[in-house]
Amino acid sequence: MRLRKLGNTGLEIGGVGLGCMGMSWLYQESARDDDRSLRVINEALDLGVNLLDTADLYGGGHNETLLGRAIAGRRDEVVLATKFGIVLDDVDARSAHRDNSPAYLRSAAEASLRRLNVDVIDLYVHRIDPAVPLAETWGAMAELVTKGKVRFLGLSEATVEQAVEAHGIHPVTAVQSELSLWTRDSLEGPAGGMVGWCDSVGASFIPFAPLGRGFLTGTLHTGQFEASDFWAGNPRFHRSAMEANQRIVDVIREVADRRSVTPAQVAIAWTLAQGDRVVPIPGTKNSRYLRENVAAADLVLTEQDLADLGSLPAALGSRY
């Protein structure tokens with residue numbers, strides 16, 4: 001698998017990372033299988049996937065604990081990313097609130113270190129709370145770097161203006177936001193939007209949901225959603241929206257067929273084509289899909305492929 005840089009850190013990471021959230025919650029929770037997930041994470045490492053992404057929010061800490069179990073004995077092979085900033089009040093109801101206070105940040109970092117069973121977090125990512133000044137939180141995060149608790153800092157779903165402010169206090173190593181063939185907000189705006197800003201300062205851009213939460217694979221249908229699934233309540237997965245957005249999948253499949261690959265591989269390769277500093281983190285708890293996703297890192301789309309995909313309409317329906 002082709003390697004890419006993690007920001008300006010000197011670290012090399014696989015061109016495709018692994019998002020671990022779905023192993024713990026939001027998607028088909030009735031099928032959760034920790035033993036299978038442990039095997040998939042270790043298989044990912046065997047395949048050269050070393051950027052593993054989690055958050056303290058996912059499953060009320062379950063995902064971090066799971067990941068800690070998976071990487072035991074393999075810590076040196078992993079670039080470990082986790083997030084803070086959304087505090088889960090009730091795991092079953094999924095009620096939560098934002099907290100970016102320095103006091104909470106410090107306690108959250110310590111809790112993540114314990115669950116992950118590591119001495120240092122490689123990439124600590126900040127979900128912004130509008131009620132707390134960004135400079136206050138980012139300054140406290142920089143103190144964690146000084147203390148050796150965290151190596152590098154990142155932002156999630158930030159604006160370019162917020163990234164600029166943070167970068168003036170302490171380097172932004174990565175920005176993590178949604179980017180896919182049906183969610184292109186991060187490419188929009190002056191100088192290429194957030195993706196362009198990352199490139200200009202040498203930061204990585206890490207797209208989550210590069211497969212459109214599964215929609216772009218062409219395998220989802222409304223009848224398979226469980227009541228607790230994220231899909232069930234998301235506007236883009238209402239039947240009318242899925243039907244309207246089917247044209248996007250049709251074009252992806254056309255490109256996939258002429259390249260003898262899968263729609264998922266085309267969707268991932270498209271994100272990689274958006275810049276040398278783009279490293280998508282598709283999630284899966286299935287070994288077959290993991291191998292498929294990893295292979296996408298070596299798929300180079302042609303100019304015709306990119307033109308066909310670039311002509312796709314915006315998706316109908318809001319992201320949340």
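The values are calculated or read from the model by the stated rules, or taken from the named source; none is laboratory data. Note that the structure is a prediction, hence the values are computed from the model and not measured. As a convention, Cβ positions derive from the backbone with ideal geometry for all residues, glycine included, and neighbour counts pool all protein chains shown. Note: accessible area is taken over every heavy atom of the protein model, side chains too, but ligands, DNA and RNA are not part of it. Shrake-Rupley method; radii C 1.70, N 1.55, O 1.52, S 1.80 Å.
Worth pointing out:
- Among the trypsin sites (Lys or Arg not before Pro) within segment 1-64, those in coil by DSSP and having at most 15 neighbouring Cβ atoms inside 10 Å are Arg2.
- Amide N of segment 94-116 lying under 17 Å from the label point, which is placed 7 angstrom from the Cα of Glu29 along Cα→Cβ: 94-97
- Looking at segment 117-150, the trypsin sites (Lys or Arg not before Pro) that sit in a DSSP loop and have at most 12 other Cβ atoms within 10 Å of their own Cβ are Lys147.
- Summarising the strand pairing of the chain, around 25 percent of its internal DSSP beta bridges are antiparallel.
- Label-point gap, in nm, between Thr159 and Leu306 - each point 7 angstrom along Cα→Cβ: 3.0 nm
- Extents of the chain, taken as max minus min of Cα coordinates on every principal axis and listed largest first, are 52, 44, 38 Å.
- Heavy-atom accessible surface of segment 153-271: percent carbon and sulfur, 1.4 Å: 51 percent
- Calculated mean residue ellipticity at 222 nm for the chain: -11000 deg cm²/dmol, from DSSP H runs with n ≥ 4 weighted as -39500 (n - 2.57), summed, divided by the residue count and rounded to 500.
- Magnitude of the charge dipole, segment 276-315, Cβ model with Lys/Arg +1 and Asp/Glu -1, debye to 20: 360 debye
- Residue-level accessible surface for Arg288, protein heavy atoms, 1.4 Å, Å²: 140 Å²
- The length gained on full extension between Ala273 and Thr222, counted as 0.36 nm times the residue separation minus their Cα-Cα distance, comes to 15.3 nm.
- Surface exposure of the chain, expressed per residue as accessible area with a 1.4 Å probe, stands at 41 Å².
- Extension gain from Ser95 to Ala72, taking 0.36 nm per residue of separation minus the Cα-Cα distance: 5.2 nm
- Peptides 160-169, 174-183 ordered by average Cβ neighbours within 10 Å, highest first: 174-183, 160-169
- Packing, taken as the mean count of other beta carbons within 10 Å per residue, orders the peptides 79-86, 231-238 from highest to lowest as 79-86, 231-238.
- Eligible aspartates and glutamates near Lys5 by straight Cα distance, threshold 13 Å, same-chain separation 8 or greater: Asp199, Asp276
- Charged side chains reduced to their Cβ positions (Lys and Arg at +1, Asp and Glu at -1) give segment 29-121 a dipole of some 160 debye around its Cα centre.
- Kirkwood Rh in Å, taken over segment 114-265 so that all alpha-carbon pairs contribute: 17.8 Å
- Between helix 134-146 and the chain: long-axis angle, C-alpha atoms, 0 to 90°, nearest 10: 70 degrees
- Between 0 and 90°, nearest 10: helix 246-259 axis offset from the chain longest Cα axis: 80 degrees
- Residue ranges 194-204, 51-61, 136-146 sort as 51-61, 194-204, 136-146 when ordered by packing (mean number of other C-beta atoms within 10 Å per residue, highest first).
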